[in-house]
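Below you'll find the structure, written out as C-alpha cells, and then a few comments.
The values are calculated or read from the model by the stated rules, or taken from the named source; none is laboratory data. The model shown is predicted, which means the values in this text are computed figures rather than measured ones. Here the Cβ positions follow ideal geometry from the backbone for every residue, glycine too, while neighbour counts run over all protein chains shown.
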Protein chains: 2
Amino acid sequence: MLSAYNIIAKKRDGLELSEEEIKWFINGLISGDIGNYQMTALLMAIYLNGFNTKETAALTDAMLYSGETLSFNVTGVVDKHSTGGIGDKTSFILAPIAQACGVYVPMIAGRGLGHTGGTVDKIESIEGFKTSLSLKEFQKMLEDHGLVLIGQTGEIAPADKIIYGLRDVTATIDSIPLITASIMSKKLAEGAQGIVMDIKVGNGAFMKSKSQAKKLAKSIRQTGLRFDRNMMTVLSDMNQPLGDAVGNSLEIIESIETLKGKGPKDLTDLSLHLAGGMIYLAGKAKTHTAGIRKAKEVLKSGAALQSFKEMIERQGGNPAVVEDYSLLPQASHHHVVAAPRSGFITKIEATRIGLHCVSLGGGRKKAEDKIDFGVGFSFHKKVGQKVKEGEPILTIHHNENQRDLALKISDEMLSKDIKIGRQKPAKIPNLIYETETSWSQK
Amino acid sequence: MLSAYNIIAKKRDGLELSEEEIKWFINGLISGDIGNYQMTALLMAIYLNGFNTKETAALTDAMLYSGETLSFNVTGVVDKHSTGGIGDKTSFILAPIAQACGVYVPMIAGRGLGHTGGTVDKIESIEGFKTSLSLKEFQKMLEDHGLVLIGQTGEIAPADKIIYGLRDVTATIDSIPLITASIMSKKLAEGAQGIVMDIKVGNGAFMKSKSQAKKLAKSIRQTGLRFDRNMMTVLSDMNQPLGDAVGNSLEIIESIETLKGKGPKDLTDLSLHLAGGMIYLAGKAKTHTAGIRKAKEVLKSGAALQSFKEMIERQGGNPAVVEDYSLLPQASHHHVVAAPRSGFITKIEATRIGLHCVSLGGGRKKAEDKIDFGVGFSFHKKVGQKVKEGEPILTIHHNENQRDLALKISDEMLSKDIKIGRQKPAKIPNLIYETETSWSQK
C-alpha cells in the first residue's frame, strides 16, 4: 500500500521512486491528504539524494496534470524560457522576431521576486497592457495572431505553485530535478511543441557554474524529449547584466531600441541566437544558422518591430510608446556613478545590481509589493571595457525622495559590486557557452 | 542575521550549525514563527547529513528549556530509560529495588503507541493508580518517599512532542542525534542527577544492529556529560520478548512475581543489572558489581516488593494486588499455541509479537485508542529451548469475541513469527552486550 511515510523513507534511503508513488504523493499534496511538512521532508530528500530522469519526468507529469493543459490547432508553436537573470529582456525582442518569421509564440511569463525582474512586470510598464487573459482568450489570440504574452495563471500547474512556495522557504530551490520539473511542468502544460531554454550561468544566475548549468540543460532536454517536445538549450552568460538597462520601463525602452536595430551588442546577439533557435525548432528554417539569418532579416526590415507594436495594441496598450518613450514611466532624477580611477571594468556583480534595483522599488521583496516602473540603472561600461577617472560607469534612475538611497547605492557599487582593475581582464566572459538541440522522434 | 532559510541551507550543505542557530530555530518553531514544513526540511537534512555532539547538545538544550525543568532538594536521584522493547517491564522491578537501596527514583514514563507497550499503560492495569500528578506533587512525593511514577506531561519539553510528531510522519525517527535529543531533553528536564539508559538491540527494537546501538549509547553518554549527569548505557538484547509475559496486566503480574524472586531469569538478570547501575550512579555502591549485589539483597529480603506495594498505595491503587492477581484485569479466554513439530525455537520476531498484542487491543494504533489491559501472551518457550510436537509454546489471552482473531494470530505466529529448527541454534542471543559508565567531572 502506498503511504507518504514509506515514499519519504525510500527517497531518504536513496532508492528510486516509482511513477505511481510520485503521482500519488503529488495528488495527495493537492488534495490535502499529504501535509506540506511531508512534502518538504521529501523535497529535502530529493535535494540531497537526487531524482533520475525517470523520476524527474514522473514529477513533471504529476505537476503538469495538476491543472489545465493547453493544445493548439496550429503547428510551429515554440516558446522560450529563461532561468532568470539581471537585465534579461530578450523575450520582448525574440518573440516578435519569431512571430514575424511564422512561429507561433505563446508566452506565459512570471513576475519578479527577489533579485531578478519579471517579464510581466516589465511589459506592464506600458499602461493598459493586459496580461491577465483567460486561457481561452490566450489560445484564440495565439492561433489568430501568432503572438501573445500573459502572466502566470493558477490554472496552469497549480502543484508547481505550492511546491515552489515550499522550496523557497526550505532551501530546496537549487536542485536540478526540482528546477526541471518546475519549469517543464508549466511549459508543457502551456502546449508549446518546441521549447528553447536559455540557461543563465554566472554570478547573477541560479546556476553559478557551467558544469551545473550543463546538467540542468541535459535534464531539461531529456524531460522535454520524454514528452515529445523539440528542445534547444542555450547556456548564456550572466556574470554581468544583459544589455545596458536594468529596471522595468528602462528595459522596455532598450528592447524597442534593439528591435530598431540600435540595441547593445550582447542583447542583440543573444536575442537573435534564441529567436533563430525558435525558428529552427518550429520548422521555419533548416538549420539554427538559417534561423538566425531569418531573424536578422525581420529585425532589419522592421517586421519584428511592427509585430511588437501590434501585440501591444491587441493587448490594450498604446503602440505609440514605440516612437515616444515619454509615454513610459520614467524616474525624475539621475545620479551618475563615475569611475573613481582609471582602469578596466573587471567585474559587475549582477545579483547585487538586481538587489539594488529592488531597493529602489523596481522589484519585490514580498509578493504583495508594488513595482515602481521608472527606477533602475543604465550602464555605460561593461566588463572588459576601459574607463577613465571621472567617466560615467552607469546612471541611477531614481525618484526625488531617493537622493540618499541613490548615494548609498552608488557608494556600495563602487566599494563592492563593480571592480576596476589596472589590467584588462584576461578572461572576458563569452556571451553564449553552448547550444544543444534534441529532436523528438515523433 | 538568523533566518530559517539560511539555517536549513547550512545543514543541507553539511555544515555545522551554531548553538545560537539551533536554539533560534527551535524557539521559532515553538512560537510559530517557523513553520512545521521548515522544521521537517531541517529534520531530513539532519537525518541525512548528521549532527555532531555539540549540535546534538544544543538541540537537546533548546528542547529541554522549551518547558518546565525540575530539580530536587535531595541527592542520589537516578532515573532509568529504555529505548523500548516487547515485554520490557524492568521499571516495575528496578525502581523499587533502587529505592529500597536509598536511590531516589523519579519516573516519568510513556504510553504505548505502535508495536511497543507503555509503562504508564501497564501500571494503570492496577485500578485507581494515579499517573497524572502535578509536577509539584511529583517532586514532593519523590523527596518524601524516594519513588514515584507518572505519565508524560505537556509541561516537560513540549518541543519534543511537536518534533517527535513531525518525525513520526516524515520518516526521520531513526536518526541517532534526533533520538538522543528527544530522550535526553525529557530526562534532563526531569531533574535526574544520574541516568541509566537501556538501549535495546534486535528485531524488536528501534536499533536493529549493535553498531547503531553503540553509536546511540555513545551519543547519549556524551550528551549527558555535557549536562553534568552521571551516565550509564547498557546494550541489551531485544531479539525476543523480555521475560515471558507480553500484555499490560500480564506484565504487572510477572513483575510482581519477579519482585518475589520467582521471575524469569532474563527479566530478573536485566532488572538487577540496571538497578545495580542506578545504585552505583547514585553513590550507594562503590562499583556496579557492588550495586548489583545490593540489588539482590533487597530483592531477596522482600524490601523491594514492600517498596512497590507502598508506591501503589501512595498513588491510589490497591496494594493487595501484589497478593491477589484476580484484582487485576484478566482476559476470559485462553488459546494455547502448540508446537507443530519437535525441534528447537530458533527465532521469535519480537516486533510482530508486539503488533499481535496491539491487534488484540493491548496497545494503540492511534493515540486515542483505549487499552484492553487483560489481553496478551504468556510464553512457555524462548529462543534456544527444545520443544516437542504438541507442547505449548505460548498461551494467547483473549476475550470471548476474539476466538477467530486468536486463531488467526496463532496461525501467523507459527507460519511467520516463530521459527522451529531441527538443530539447537548455534548463536543464542546474549542478554547484555555492553555496559559503559561515564562520570560527570562536577
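The figures follow:
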quantity	calculated
Helices (runs of 4 or more DSSP H) enclosed by region B:235-310 - at least 3 residues per element that are touching a strand residue (DSSP E or B) at 6+ places or on another chain (Cβ under 7 Å) and closer than 29 Å to B:Lys215 by Cα	B:265-281
Filtered residue count, region B:150-167, keeping only those that are on the phi < 0 side of the Ramachandran plot and either in a loop (DSSP other than H, G, I, E, B) or facing chain A (nearest Cβ under 10 Å) (or both)	8
Any hit, region B:109-116, residues being buried (at least 22 other Cβ atoms within 10 Å of the Cβ) and modelled with pLDDT of 95 or more	no
Candidates B:Ile97, B:Ile93 - the one that is outside any strand (DSSP E or B), within 30 Å of B:Arg352 (Cα to Cα), β-branched (Val, Ile, Thr) and under 21 Å from the mean Cα position of the chain (by Cα)	B:Ile93
A:Leu94 being surrounded by 22 or more Cβ atoms within 10 Å (Cβ to Cβ), farther than 21 Å from A:Gly154 by Cβ and without any contact (Cβ under 8 Å) to a residue 60 or more places away in the chain	no
Members of region A:168-182 found to be more than 9 Å from chain B (Cβ to nearest Cβ) and either surrounded by fewer than 24 Cβ atoms within 10 Å (Cβ to Cβ) or closer than 17 Å to A:Asn27 by Cβ (or both), listed by number	A:Ile173, A:Ser175, A:Ile176, A:Pro177, A:Leu178, A:Ile179, A:Ala181, A:Ser182
Residue in region A:228-245 that is within 14 Å of another protein chain (Cβ to nearest Cβ), acidic (Asp, Glu) and over 30 Å from A:Leu305 (Cα atoms) present	no
Conditions (1) free of Cβ contacts under 8 Å to residues at least 60 places away in the same chain; (2) within 18 Å of A:Gly376 (Cβ to Cβ); (3) assigned to a loop (DSSP other than H, G, I, E, B); number of the one not met by A:Ser132	(2)
Filtered residue count, region A:277-336, keeping only those that are farther than 30 Å from A:Pro392 by Cα and aromatic (Phe, Trp, Tyr)	2
Flag if A:Val358 is modelled with pLDDT under 95 and under 24 Å from the mean Cα position of the chain (by Cα)	yes
In region A:360-387, the residues that are outside any strand (DSSP E or B), touching a helix residue (DSSP H, G or I) at 6+ places or on another chain (Cβ under 9 Å) and surrounded by 16 or more Cβ atoms within 10 Å (Cβ to Cβ)	A:Leu360, A:Gly361, A:Gly362, A:Gly363, A:Arg364, A:Ile371, A:Asp372, A:Phe373, A:Gly374, A:Val375, A:Lys382
Residues (surrounded by 14 or more Cβ atoms within 10 Å (Cβ to Cβ) and in a strand (DSSP E or B)) located in region A:405-432	A:Ile418, A:Lys419, A:Ile420, A:Ile432
Residue match in region B:229-246 (condition: of a type in the set (S, T, N, Q) and more than 30 Å from B:Leu70 (Cβ to Cβ))	yes
Selection status of B:Gly102, within 26 Å of the chain's Cα centre (by Cα), within 14 Å of chain A (Cβ to nearest Cβ), surrounded by fewer than 21 Cβ atoms within 10 Å (Cβ to Cβ) and over 30 Å from B:Leu250 (Cβ atoms)	no
Residues of region A:311-329 classified as within 15 Å of A:Ser255 (Cβ to Cβ), part of a helix (DSSP H, G or I) and of a type outside the set (A, V, I, L, M), total	2
Number of the condition not met by B:Gln402 [criteria: (1) within 28 Å of the chain's Cα centre (by Cα); (2) surrounded by 14 or more Cβ atoms within 10 Å (Cβ to Cβ); (3) not hydroxyl-bearing (Ser, Thr, Tyr)]	(1)
Long-range neighbours under 6 Å by Cβ, at least six apart or interchain, first residue on the phi < 0 side of the Ramachandran plot within region A:64-84, second aromatic (Phe, Trp, Tyr)	A:Val74/A:Tyr104; A:Val77/A:Tyr104; A:Thr83/A:Phe206
Region B:384-442, residues that are over 13 Å from B:Leu360 (Cβ atoms) and acidic (Asp, Glu)	B:Glu389, B:Glu391, B:Asp411, B:Asp417, B:Glu434, B:Glu436
Only one of B:Ala192, B:Ala213 that is surrounded by 24 or more Cβ atoms within 10 Å (Cβ to Cβ), at pLDDT 95 or above and among the aliphatic types (A, V, I, L, M)	B:Ala213
Those helices (runs of 4 or more DSSP H) lying entirely in region B:1-80 with at least 2 residues within 8 Å of chain A (Cβ to nearest Cβ) and under 23 Å from A:Arg12 (Cα atoms)	B:4-12, B:36-49
